[in-house]
1. Does GLY227 count as loosely packed, with under 12 Cβ neighbours inside 10 Å and under 24 Å from ALA147 (Cβ atoms)?
2. Tell me yes or no: at least one residue of region 159-177 is aliphatic (A, V, I, L, M) and at pLDDT 85 or above.
3. Please find, within region 210-227, the residue that is nearest to TYR287 (Cα to Cα) out of those that are assigned to a helix (DSSP H, G or I) and of a type in the set (Val, Ile, Thr).
4. Exactly one condition in (1) farther than 30 Å from ALA246 by Cα; (2) surrounded by 11 or more Cβ atoms within 10 Å (Cβ to Cβ); (3) modelled with pLDDT of 90 or more is false for MET328; which is it?
5. I'd like to know if region 173-193 contains one or more residues that are among the hydrophobic types (A, V, I, L, M, F, W, C) and exposed (fewer than 15 other Cβ atoms within 10 Å of the Cβ).
6. Looking for whichever is part of a helix (DSSP H, G or I), of a type outside the set (A, V, I, L, M), at pLDDT 70 or above and closer than 30 Å to LEU329 by Cβ here; the options are ARG40, ARG105. Which one fits?
7. Look at region 88-102 and say how many of its residues are assigned to a helix (DSSP H, G or I) and either at pLDDT 85 or above or among the polar types (S, T, N, Q) (or both).
8. Pick from region 251-290 the residues that are in a helix (DSSP H, G or I) and of a type in the set (A, V, I, L, M, F, W, C): which of them is surrounded by the most Cβ atoms within 10 Å (Cβ to Cβ)?
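The values are calculated or read from the model by the stated rules, or taken from the named source; none is laboratory data. Just so it is clear, the structure is predicted and the values come from calculations on it, not from any experiment. In this analysis, Cβ positions are derived from the backbone assuming ideal geometry, glycine residues included, and neighbour counts consider all displayed protein chains.
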Amino acid sequence: MKAMACRDAKAHLLDYAEGELDDALRAALREHVAGCPDCRRELQEIEGLRSSLGRERVPEPGPAFWEEFPDRVWQAYRAELPAAGRPATGPRAGGGLGMNPVAARWASLAPRLQFNLALLAVFALGLGATGYLTYGQLHRNAREEVARNAALIMEAALSMRRYTIGQIRPLLGDSGKFHPQTVPAYATTEIMNQLQKRYADYSYKDAALNPTNPRNRAVGWEAEIVGSFRGNPGQGEIRGVRDTAAGPSFYVARPTRIRDKDCLSCHTTPEQAPPAMVRIYGTAGGYGWKYNEIVGAQIVSVSMAQAVRHADRTFFILMASLAAVFAMLFVILNLVLSRTIARPIGRQSG
């Protein structure tokens, strides 16, 4: 076997002393050390050092040391805080190891103040996110509630029209006289006006571009809705929100289409209309209608002011409740912190 060089032997001396070499490498190193005084002296020094270390025993600090250890660490940490708050100087300042001003300022604060500031930041973020999500959801719920109420009123109005056409008109129409109560728009409007006396937030109008009764004439935004239905005959319903003097108002509209040819007997020309109707309403409007033509729209409006107020009140109660819960947690956590950490540390430092 080739003789081992001193450089290779010295690299394996510690492993030899630890007994970690295989048999072949160990035999080669032993042969080299037997003939090399320098490597033999270094091996003896390593073995002597290991023998000395083996005789030394680290004493057990005892239970008193471990009981006081956490408080000593905490006191040492607090003692280092003022130094950490000062700007870095010397070689560390130029080496990029110093704290930035924000971190230094934070490190200079008392631990209890750091805890409270972190707790306040978490609460502010949580309250802000909760408020943002809750406010939007509550107002969406308010709009959906108003929309359901408007749809209910619309179905009630349509039921009144069907009832008038199916049961009232046949009874009063046989007398040969004209009775406004047999006109679906008139009957529905009168009934809904009675409802509005009790529930002012709801309103109904059988708006028409060319009405027989002047009170049914479409104005402004109502005429735009009728025009939208006439421009798009397949559109069955329009919903939206408009601003009024009393606040936002939700509306739902459906087209008024001439589907009953009997209606044309009153709305084709004044000559063909019942004389009694002409005497009541005149010849200025309500004529020239055509079969299957969209002549107007049935519009139900519901004020959103009350629903919005309810949503805002619920939002305020929820936010106030969360703030009260946080305030109680803040006080409780600070009391616990004072009793379990700050007070024992104060006794130790005193």
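1. On the way: loosely packed, with under 12 Cβ neighbours inside 10 Å: no; under 24 Å from ALA147 (Cβ atoms): yes.
No, not satisfied.
2. Going through region 159-177, the residues aliphatic (A, V, I, L, M) turn out to be 160, 165, 168, 171-172.
Next cut, at pLDDT 85 or above only: 160.
For region 159-177, residues aliphatic (A, V, I, L, M) and at pLDDT 85 or above: present.
3. Taking region 210-227 as the starting set, the residues that turn out to be assigned to a helix (DSSP H, G or I) are 214-216, 221-227.
Keeping just the survivors that are of a type in the set (Val, Ile, Thr) gives 225-226.
Values: ILE225: 21, VAL226: 17 Å.
Looking at the filtered set, the residue picked out is VAL226.
4. Here MET328 clears every test but (2).
5. From region 173-193, those among the hydrophobic types (A, V, I, L, M, F, W, C) are 178, 183, 185, 187, 191-192; that's our starting set.
After this cut, where a residue has to be exposed (fewer than 15 other Cβ atoms within 10 Å of the Cβ) as well, the list is none.
No, region 173-193 contains no residue that is among the hydrophobic types (A, V, I, L, M, F, W, C) and exposed (fewer than 15 other Cβ atoms within 10 Å of the Cβ).
6. Details: ARG40 fails: closer than 30 Å to LEU329 by Cβ.
On inspection, the qualifying residue turns out to be ARG105.
7. As a first pass, look at region 88-102 and keep what is assigned to a helix (DSSP H, G or I): 91-94, 101-102.
Then keep just the ones that are either at pLDDT 85 or above or among the polar types (S, T, N, Q) (or both); that gives none.
The number of residues fulfilling the criteria is 0.
8. Just the residues of region 251-290 that are in a helix (DSSP H, G or I), to begin with: 261-267, 275-281.
Right, trim to of a type in the set (A, V, I, L, M, F, W, C) and you get 263-264, 266, 276-278, 280.
Working: CYS263: 16, LEU264: 17, CYS266: 20, ALA276: 13, MET277: 18, VAL278: 17, ILE280: 12.
Per the stated criteria, the residue is CYS266.
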